[in-house]
1. Take TRP70, TRP84 and order them by how many other Cβ atoms sit within 10 Å, fewest up front.
2. Using only the Cα atoms of segment 60-116, what semi-axes does the equivalent ellipsoid have when each is the square root of 5 times a gyration tensor eigenvalue? Give whole Å, largest first.
Amino acid sequence: MLKKKVALSKELHQNLRLIFFSFLLSIIVFLTTVNIIRFTQKPQLSIIDPQPNVLSYTLDSDLLSKIKFWKNFLGKNPNYYQGWLELSKIQKGLGDIPASEEALKKAYSIDPNLEAQ
């Protein structure tokens, strides 16, 4: 009888160990899958400027107010090429590529050496 209890106890211990390691393995597989999914998805950012050291604008209302500011400023200071560059970046951020190209052309017409910078 005692041998049966010892054998049963060993068998129970082995089964519990197997269940524990199965559970642990399933948690590891789950967490690994979640991390793989997380790192393979593209980030959901609204507007990204690919240039480093350039402020990325995220709100359309912010972009629109900045466009209004730069158009007003450049109306008074049309030879300020940095303003035309900034206006071009903002318009590109909104997806207005033709307007962005026009502002960029204006900046290059003011300072043709911009390509060297």
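1. Fewest to most other Cβ atoms nearby, the residues stand as TRP70, TRP84.
2. Over the Cα atoms of segment 60-116, the ellipsoid semi-axes are 19, 13, 8 Å.
Values in this text are rule-based calculations from the coordinates and carry no lab data. Bear in mind that the values here come from a model prediction, so they are computed numbers and not experimental data. Every residue, glycine as well, gets a Cβ built from its backbone with ideal geometry; the counts of neighbours run over all protein chains shown.
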